[in-house]
Amino acid sequence: MELKTGNCTMEKNRRIQKNILELTLERLRKLCKESRVLPGTLVRLGIKPWWTTVLGSNNECGMAANFSNPPAENEDRTDYLKFLGLIGKPLFEIAEWGIHATDHRERSIGIAAMSALSQQFLGCSSVRNRGFLAQCWMNGDKLVRHYPTISRLVTRKDIVAIVGYGSEVRHFRGRCRELHVTDIRSKETFETVIIDKSITHGPRDIIVHSAHENEQVLRIADVVFITASTLVNNTFEDIVKFTNNARLVGLYGPGGSLIPDAFFERDIDFITSFHIADPARFSDDMINDHDMGSSIRSSQKQYMFMRPLAKTKGTPILKMLRQAEHP
């Protein structure tokens, strides 16, 4: 597959303000040059329902959401042939091509390549050396077993808004004043019909909204969590504009495993991220596991990155981050 960015496209990009992915790619190039790291080429591309995964020649691993549904029976898959041309291409070249694509699947490949390139710069020591706060843990560690890290960012007085209904939503029930979730899928997707003495509906303690209500919901929130899949459907920048009144704004989800530097410079406060500590397991899971999100959470290292100026006073995260400053 020929990767075309074109001089006209590149010139147009220079004339407008760079978006968060372009800035992150620039920072990755700089970090590789400063660290004298030789970036790899694409060895294997995996396209699954919901997830795109990437393996590089220097053991790089990355993933991103792709919004694809499970293929229908007897579906024609010849469209995948066009991606054979990506194999052997430099990951930076694929990332540059992908993040400027309008097609969600191509854009997902580009972000997954960026995730793969980010991995060697996601260690706690590397992130702290660049001036940010960081903490890491494995699934089941005593540190997070009974108190998930993401929920330590809020207080019981907070109105919490989450863009994208992910598994993390459950961690906020009972820990904040109000819990709102917006999603591009219909509200009925998340509904449970409860039949006992009468007929009621769940979920309880969670107010679900359509994506059309993003502005209305985010304007009143104290803490906002934005799913990393908004980077793929190119809504992240617009959603952030609605968060001016929030005390804390951050990115969450496995697809957000990117270096945090450019995000923090744009006043994003935190990122929940994942480091592929076991590339062999990742390679096996990308072929055999139907749910990459679950496999990443259970078998790879999880991170919390935060900019020092984040307004965390009064939240339980402070104690954890103080510990992180003096490992």
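The values are calculated or read from the model by the stated rules, or taken from the named source; none is laboratory data. No experiment lies behind these values; they were computed from the predicted model shown. Methodologically, a virtual Cβ is constructed for each residue, glycine included, from the backbone with ideal geometry; neighbour enumeration extends over all protein chains shown. Accessible surface is based on the protein model in full, side chains and every heavy atom, while ligands, DNA and RNA are left aside. Shrake-Rupley method; radii C 1.70, N 1.55, O 1.52, S 1.80 Å.
Here are the numbers for the structure shown:
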{"quantity": "Any hit, region 276-296, residues being more than 30 Å from R44 (Cα to Cα), at pLDDT below 95 and open to solvent by 30 Å² or more (accessible area, probe 1.4 Å)", "calculated": "no"}
{"quantity": "Which listed residue, of L91, L81, L38, L23, is hydrophobic (A, V, I, L, M, F, W, C) and touching a residue at least 60 places away in the same chain (Cβ under 8 Å)", "calculated": "L23"}
{"quantity": "Scope region 198-245; condition among the charged types (D, E, K, R) and in contact (Cβ under 8 Å) with a residue 60 or more places away in the chain; matching residues", "calculated": "D222, E237"}
{"quantity": "Criterion: at pLDDT below 90 and out of contact with any Lys or Arg (no Cβ under 9 Å at 6 or more places or on another chain) - qualifying residue of E93, E106, E75", "calculated": "E75"}
{"quantity": "Flag for S210 being among the polar types (S, T, N, Q), touching a helix residue (DSSP H, G or I) at 6+ places or on another chain (Cβ under 7 Å), under 29 Å from R130 (Cα atoms) and open to solvent by less than 60 Å² (accessible area, probe 1.4 Å)", "calculated": "no"}
{"quantity": "Positions within region 307-321 being loosely packed, with under 11 Cβ neighbours inside 10 Å and either among the basic types (K, R) or touching an Asp or Glu at 6+ places or on another chain (Cβ under 6 Å) (or both), in sequence order", "calculated": "K313, K319"}
{"quantity": "Of all residues making up region 115-172, the number that are among the charged types (D, E, K, R), modelled with pLDDT of 90 or more and either in contact with a Ser or Thr (Cβ under 7 Å, 6 or more places away or on another chain) or in a loop (DSSP other than H, G, I, E, B) (or both)", "calculated": "5"}
{"quantity": "Any helices (runs of 4 or more DSSP H) falling wholly within region 215-327 and containing at least 2 residues that are closer than 30 Å to S68 by Cβ and of a type in the set (D, E, K, R)", "calculated": "236-240, 279-288"}
{"quantity": "Odd one out for E168 among (1) touching a residue at least 24 places away in the same chain (Cβ under 8 Å); (2) open to solvent by 10 Å² or more (accessible area, probe 1.4 Å); (3) more than 15 Å from G256 (Cα to Cα)", "calculated": "(3)"}
